[in-house]
Every structure is written in structure tokens, then in C-alpha cells.
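Visitor: Questions regarding the structure given below will be posed in turn.
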């Protein structure tokens, strides 16, 4: 991969911000702190703007890696901070093979997530509502149940049915979640 | 585990996964284990789809970097045309130079900017255009001020109901929340600037009717 000159930060951010938010949310989710993804993205961009890395061959990898470290920082706040987080220039000094592997995984997940989004169309309106509002957005089950005029346990049944239908619809695409 | 018990156990397991609750270990056979893993992984993918970047206007980093279009300042099509002529540059050259800087700009976009004043070009891109052409960005923009229609339009776009409609639109069109909001805003702008007296509830009801009609045409139908 040949080195390219640094483009505009705004252009870079516009292109990769969705990936940055997704990675931050995924890292923070396990601690129930996905809502802090914005903080991780903000901190990562501030660091990158303050000390732009040089010799970058893949900006997406650098930006995603930067936000991942910042999300880990948030999880570790109060405990010992990861040393990499204090040195933004090192975001691109990770083993190039690891970075390439990270980006490949990200691309695969985005593709799979895109297929899931497409396949929501196979669900009827009520199951699609449950899939999006309860499973994807994690809204409280009683709220979703009230919107559909069903009991909360019925929402759980519908979630299972929706996931089964989506899984079946994805099989011909050869996409494994 | 028998079939009936498995159905109930799977619901509990998925519920716990979705709500990030702890679960007791289950004694599953291979096929049950495989199904449980596949459906929880699918639930994770769906979750990720709902946790991408917010619309540009709600993203503080985007605002900081000048990616939020300023409706009171438009890219002046006539000024851009004249500046390109003065710089001896054609539209495809400008598009290519912007692309080299990382902007996703096609020649047709530059033609479109020249044809009419555009309020959707963000300040950061106007700055990049000015840098490429060698002009002061202020000389490429025109002050549109805040008309009554624009204020009404922005009030609608700021409502929770509009955001909910944009999310439904994103699912229908299989696009990002950002692009969905932009698409609905373009429809709003078309109605607002058509000269009718703007009314927030009417505009939202009109968008709701549009989204609902498209939802009723699902599943699996293209809406282009």
C-alpha cells in the first residue's frame, strides 16, 4: 500500500465517523456505557488533531484504532490508563498486520450489518418494529409491548421469531453474523 | 432439552442477551447451541446497526470540523463559476482535486453547485473548494439570512417526531440515519420553499404520510 498525503480532517471524519461510532459503542456496550460513544469519538479526534500521525497508509484503520483506545480509556477511567492513549502518534504504530486485520473485520461486520438491514424488509411491520425498537435500539420491553398492544412476554416471542426469520433470510447470502 | 422447553429457554436467553442480563448455564445439544449462538450474533449485528454515527447536525465533532451545513450561508453558484473561470480550472479538475483531499465529490456535484446557490454544502467543504481555487471562502458564499420559511423548516427538523421519521426512512431505504434525515429535509425544503405558508404539524403529517405509505409497500420493494 503506497503512502498518501494527509487529506482534510473534515473529509476523513465524514467518511469514517460511522465506523468510529460503531466501534466505540461496541467496546463500551459490555459495560453498559454505549451512550458514551460520542465521548470516545470526540477524545479520539481531539488527540488525532493535536498530534497527527505520519506515514499513514490507511486512515480508516488509524481512526478506528484511535477510538477503540479511547473507548477502552473510558472503561478504564479511574484505573490505570493505557499508555498508548497518551501518545496519539502511536495509533498507527501497531503491527500493520493487526491493523489490516482490524479493518478487514470491520468491513466484514459492516457488510453483514448491511445485509441484516436489507433483510429487515422480509419481516412484517410488527416484527420489524420489535426487531428495531427492542433488539436494535434496546428500548424497554414494556414500552414496545404497549406500542403494539401485546404483553411483554409476547415481545420476547416476537423477537425470537424475527431473529429466526432474519437468520433464514440471510442464509442464501452466505453471510454469517 | 425438549422442544417446548427449548422455545421458552431460547426466548429467555435472547432476552437476557438483548438486555445484557446474566444467564444461568443451559444444558443444550449441538443444534440448540448453534441456533443460540447464531441468533445472539444476529441480535448484536442489529444492535450495531442502530449505534452508528448520529445525524451530522447532532454530532459535536462534525460541528467542530465544519461539516454541519449553515443554512444562512449558501455556496454562490455564480461566484463559483466565475472563480473557476478565473483560475482556469474546469469542473472535473475541481472535483478531482477535492477527491484527492478526501472529499467524495463527483463532477456532477460541481455542475450542480454552479447551477444554483446551495445551502447543503458544509463550511469545511466550502473552505476546501476555496483552497483549491485559491479564493477567499467569503467570496464564494452568499448570505441567505433566516427567512420565515427557513425558521419553520429548521423547527420541524429539530423535533423528536422528525428524528423518528428519519429512522423509519433509514430502515426503509436501507441507508444511514444521516442520509435519511437529509432526504427528508430535502423533501421538507421542497414543500417549504414552494410558497405555501409553513406549518410544523402539517409538514410533519405530510412526511408521516409519505413514510407510512412507503412502509405499506414493503417488504422488499424498491422506492426509487
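Visitor: Separation of segment A:112-163 and segment B:109-143 by C-alpha centroid, Å?
Guide: 43
Visitor: Ok, one more. Taking the Cα-to-Cβ direction at residue A:147 and at residue B:86 and moving 7 Å from each Cα, how far apart do the two end points lie in nm?
Guide: Distance between the two pseudo-spin positions: 5.3 nm.
Visitor: What is the angle, in °, between the Cα long axis of helix B:77-87 and the longest principal axis of the Cα atoms in chain B? Nearest 10 is fine, range 0 to 90.
Guide: Value to nearest ten degrees: 70.
Visitor: On to the next question. Can you grab the distance from the C-alpha centre of segment B:51-90 to the C-alpha centre of segment A:6-31, Å, no decimals?
Guide: The distance from the Cα centre of segment B:51-90 to that of segment A:6-31 comes to 21 Å.
Visitor: Gaussian network model of chain B, Cα springs within a sub-10 Å range: biggest mean-square fluctuation belongs to which of B:11, B:154, B:49?
Guide: B:11
Where a number appears in this text, it was derived from the coordinates with a stated rule and is not lab data. Everything numeric in this text was worked out from a predicted model, so none of it was measured. Heads up, the Cβs are rebuilt from the backbone with ideal geometry, glycines too, and the neighbour counts pull from every protein chain shown.
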